[in-house]
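Chemist: Starting off with a structure, shown below.
The values are calculated or read from the model by the stated rules, or taken from the named source; none is laboratory data. Not measured: the values here are computed from a predicted model. Methodologically, a virtual Cβ is constructed for each residue, glycine included, from the backbone with ideal geometry; neighbour enumeration extends over all protein chains shown.
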Amino acid sequence: MKTNVIDAAVPLGEEDFAAIGAQLRAARHARERRSRLMKHVFLIVFSFIMVYPMLWMLASSFKPDNQIFSNLSLWPSEFRWENYPKGWNGLSVSFSRFYLNSTVVTVLSVIGNLLSCSFAAYAFARLRFSGRDFFFGLMMMTLMIPYHVVLIPQYVLFLKLGWVDTYLPLVVPKFLASDAFFIFLMVQFFRQLPRELDEAAMIDGCSPYKIFWAIILPLSLPAMGTAAIFSLIWTWEDFLAPLIYLNDIKSYTVPLGLRLFVDQESQSAYGQMFAMSVLSLVPVIIFFLAFQKLIIRGIATSGLK
């Protein structure tokens, strides 16, 4: 006679459930650690790839000219510290003159962009007038026009005005709200400010100009900081516009001064050029580090992604 034996399942106790839960949590934490490790490794490698050209330029500024392109290592076999003083004073015009010229053009351009673009953005964002949407769309269309399309008409205009070989073509358009990107950035920021502020100020008797200066502008420091840093970088590093309008070497900006180290007819001083290139980045880096919090807040709150 056969006997059927049915094995009943042994119930798990609380300790068993706790042990299983601990194992699952440990496995999940291990997967998360591996995932974070892989992300950090990827970011480090990608960051090194992005920073490598700057590191190579810094290393090349200490190398002799005959080793810059033959030796791609980031550690020079011999340091040529004299590249910096020779580069600063090696041209017919001291590099300090180029720094001064670029500083004047950049400061005036930043001030012009902040003033004119903030006025235009305030009108588009907070005021109501006939044709506002049409003119805003027309302004946005200028973002799609390449600079080279308007280069010749602008040059002819400035030539007839007698502004060629002066800083006026580089500075005056900035005071006329010619950069639609900054207008769009500030419009996006101004639209997020509560309109109740304007209404309360108008009840107190404030004019639109008073509202702009006393209320809107103090609240718009993040957008203004973002516009300032972008305007500084683009103006400081601009090569084409100064090349077109400036003829006298004494009025050259830093990018044009760097070009003088490369001579196609004689020997080029690449070590000195890279040394001055490193120094040309110092103002931009300092300005960025000083206002990076405003830049992040301005981009995050103006809808630019």
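Chemist: Count, please, the residues in the range 81-112 that happen to be of a type in the set (Gly, Ala, Ser), in a helix (DSSP H, G or I) and surrounded by fewer than 21 Cβ atoms within 10 Å (Cβ to Cβ).
Modeler: Matching residues across the range 81-112 total 1.
Chemist: May I ask you to say which residue of Phe261, Phe239, Phe190 is closer than 27 Å to Met141 by Cα and either surrounded by 15 or more Cβ atoms within 10 Å (Cβ to Cβ) or not assigned by TED's automatic domain parsing to the domain that holds Trp163 (or both)?
Modeler: From the options Phe261, Phe239, Phe190, the qualifying one is Phe190.
Chemist: Kindly provide the set of residues from the range 113-156 that are closer than 30 Å to Asp198 by Cβ, exposed (fewer than 13 other Cβ atoms within 10 Å of the Cβ), free of Cβ contacts under 8 Å to residues at least 24 places away in the same chain and not acidic (Asp, Glu), ordered by number.
Modeler: Arg128, Phe129, Ser130, Gly131, Phe134, Gly137, Leu138, Met141
Chemist: Out of everything in the range 220-244 that is over 24 Å from Leu279 (Cβ atoms) and part of a helix (DSSP H, G or I), what residue ends up being modelled with the highest pLDDT?
Modeler: Here the answer is Ile244.
Chemist: Of everything in the range 14-53, what is closer than 24 Å to Met273 by Cβ and either touching a residue at least 40 places away in the same chain (Cβ under 8 Å) or β-branched (Val, Ile, Thr) (or both)? Give them in sequence order.
Modeler: Ile49, Val51
Chemist: Which condition number in (1) touching a Lys or Arg at 6+ places or on another chain (Cβ under 8 Å); (2) over 28 Å from Asp179 (Cβ atoms) is the one that Asp204 fails?
Modeler: Just one mismatch for Asp204, condition (1).
Chemist: Please count how many residues of the range 190-207 are closer than 21 Å to Asn113 by Cβ and assigned to a helix (DSSP H, G or I).
Modeler: 1
Chemist: Of the conditions (1) surrounded by 16 or more Cβ atoms within 10 Å (Cβ to Cβ); (2) at pLDDT below 85, Asn66 satisfies every one except a single condition; which number is it?
Modeler: (1)
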